[in-house]
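Have a look at the structure below, then the notes.
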Amino acid sequence: MSLGPYASFIVTSYAAAALVVAILIGWIALDYRNQTQRLRELEERGITRRSGRSATELR
Amino acid sequence: MTLIDLANPTRFLALTARVLPWLAAATVVLLAIGLYQAALAPDDYQQGATVKIMFIHVPNAWLSMFVWGVMSIASLGTLVWRHPLADVAAKAAAPIGAAFTFLALLTGSLWGRPMWGTYWEWDARLTSVLILFLMYLGLMALWRAVDDPSRAARAAAVLTLVGALNLPIIKFSVDWWNTLHQPASVMRMGGSALDKSFLIPLLVMAIAFTLLFVTLHLAAMRNEILRRRVRSLQMMQASRVAFSSEMGTGSRGQNASNEVGAA
């Protein structure tokens, strides 16, 4: 597959898309980890939901 | 499971836990197929290999408007139906929409330089998409500026619905004004102007990016629900501390704390 004289524009476009999507995925995964960790810390201190169920419970 | 059932955040979290792995897998498979087909697509007789930029530029451009459309429907849910997950959906979609819009602008610019001889031109299509990007950033700033999510939600919903006026301007800008950007070539009266060798990879990539958005959006909504639980529990903790201070003893506050409601 030859990308011709404008290969740098094509490669940069795909690389930028991959980078931005990777940042989005990483940011969302990190945010999930942070929130569940903060909820666990609060629950360990005895702060629980009105229902008594764990705040990190997903099922 | 109906829409009413999904109004319960706990049920929504259970649903996301079940569907997210499948959505992620489907996204990866479709992206792989789309990228493979894009790599094998022939060069355009005028644009050469730069036509390959189309396979990521166009899906991102479509999604930049689609995500704002999703946020507009969610805003109606906030203002009209007061659906408890509507503002969660709108808030979670904004950064993802901003990222797609940024990619549409960037890849368009990188496509424009070899084809038009310039990275940027203040024509109606490019300018209206830039305005869309700035509106995404403004909306994100608004969400961060107001501490109470329910108060921020109403202001953000109004701004989102006003911003939706920009969507038809973006779509029809190439028809209403004389622009450097080409007119619509896929969704137009009389069918697509693209050859199948370009159209099929483009549609596969568009579906893959849409699935990517759905996956990321559900995951971001899940995070936002958890963030609100954190906030709620922290407020409860603060009220316990205040109650304990008022009573003068920590032990009574501890007993009373069990009676205070939580998220």
**Prompt:** Which of these, B:ARG240, B:ARG82, B:ARG222, has the largest mean-square fluctuation under a Gaussian network model of chain B (Cα springs below 10 Å)?
**Reply:** B:ARG240
**Message:** I'd like the mean, over residues of B:49-58, of how many other protein chain beta carbons sit within 10 Å of each residue's own Cβ.
**Reply:** 5
**Asked** Can you give the percent of C-alpha pairs in chain B whose distance is more than 33 Å?
**Response** 34 percent
**Complete:** Semi-axes (Å, rounded, descending) of the ellipsoid equivalent to the protein assembly as shown per its C-alpha gyration tensor are 45, 21, 17
**Item:** chain B: most fluctuating residue of B:ARG125, B:ARG188, B:ARG228 per GNM, C-alpha cutoff 10 Å
**Value:** B:ARG188
**Item:** Spin-label proximity, A:ARG33 to region B:9-49 - amide N less than 16 Å from point 7 Å beyond Cα toward beta carbon
**Value:** none
**Request:** Treat each spin label as a single point 7 Å out from the Cα along the C-beta direction, and report the A:ALA22 to A:GLU43 distance in nm.
**Result:** 3.3 nm
**Item:** B:ASP43 versus B:TRP177: modelled label distance in nm, points set 7 Å from Cα along the beta carbon direction
**Value:** 3.4 nm
**Request:** Note down the net charge around A:TYR32, summing +1 for each Lys or Arg and -1 for each Asp or Glu among other residues with Cβ under 13 Å from its Cβ.
**Result:** +4
**Asked** For the residue pair B:ARG154 and B:VAL186, what label-to-label distance in nm results when each label sits 7 Å from Cα along the Cα-to-beta-carbon direction?
**Response** 3.9 nm
**Fill in**
If one builds a Gaussian network model of chain B from Cα atoms under 10 Å apart, the most fluctuating residue listed among B:PHE66, B:PHE209, B:PHE243 is B:PHE243
**Message:** Residue by residue through B:7-17, how many Cβ atoms from other chains fall within 10 Å of the Cβ on average?
**Reply:** 2
**Asked** In terms of the Cα gyration tensor, with a ≥ b ≥ c the square roots of its eigenvalues, is region B:1-151 rounded because a/c is under 1.5, prolate because a/b exceeds b/c, or oblate?
**Response** oblate
**Request:** First measure r as the distance between the Cβ atoms of B:VAL80 and B:ASP147, then evaluate 1/(1 + (r/R0)^6) with R0 = 22 Å and state the FRET efficiency to the nearest 0.05.
**Result:** 0.35
**Message:** Of B:SER150, B:LEU35, B:ASN60, which is farthest towards the positive pole of the protein assembly as shown's charge dipole, taken about the Cα centre with +1 and -1 on the beta-carbons of Lys, Arg and Asp, Glu respectively?
**Reply:** B:SER150
**Complete:** Per residue, the convex hull enclosing the Cα atoms of region B:97-214 spans a volume in Å³ of 131 Å³
**Message:** Per DSSP helix of 4 or more residues, -39500 (n - 2.57); summed, then divided by the residues of the protein assembly as shown. What does that give at 222 nm, rounded to the nearest 500?
**Reply:** -26000 deg cm²/dmol
**Asked** Which whole-number percentage describes the relative contact order of chain B, with Cα contacts under 8 Å and a sequence gap of 6 or more?
**Response** 27 percent
**Prompt:** With r defined as the distance between the Cβ atoms of B:TYR36 and B:PHE243 and R0 fixed at 41 Å, what FRET efficiency is calculated, to the nearest 0.05?
**Reply:** 0.10
**Asked** From the Cα gyration tensor of region B:1-90, with a ≥ b ≥ c the square roots of its eigenvalues, which class applies: rounded if a/c is under 1.5, or else prolate if a/b is larger than b/c, or else oblate?
**Response** oblate
**Asked** To two decimal places, what compactness ratio does region B:148-203 give when its Cα radius of gyration is scaled by 2.2 N^0.38 Å?
**Response** 1.72
**Message:** Can you work out the Karplus-derived ³J(HN,Hα) for every residue in region B:34-51? Use 6.51 cos²θ - 1.76 cosθ + 1.60 with θ = phi - 60°, whole Hz, and x for glycine or proline.
**Reply:** x, 5, 5, 5, 5, 5, 8, 4, x, 6, 6, 5, 9, 8, x, 6, 5, 4
**Item:** For residues of B:196-205, the mean tally of beta carbons on other chains within 10 Å
**Value:** 0
**Request:** Can you tell me the 0 to 90 degree angle between the C-alpha axis of helix B:166-176 and the longest principal axis of chain B, rounded to 10?
**Result:** 10 degrees
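Just so you know, all these numbers are worked out from the coordinates, no wet-lab data involved. In this text, all values refer to a predicted model and were calculated from it rather than measured experimentally. Cβ sites come from the backbone with ideal geometry, for glycine too, and all protein chains shown count toward neighbours.
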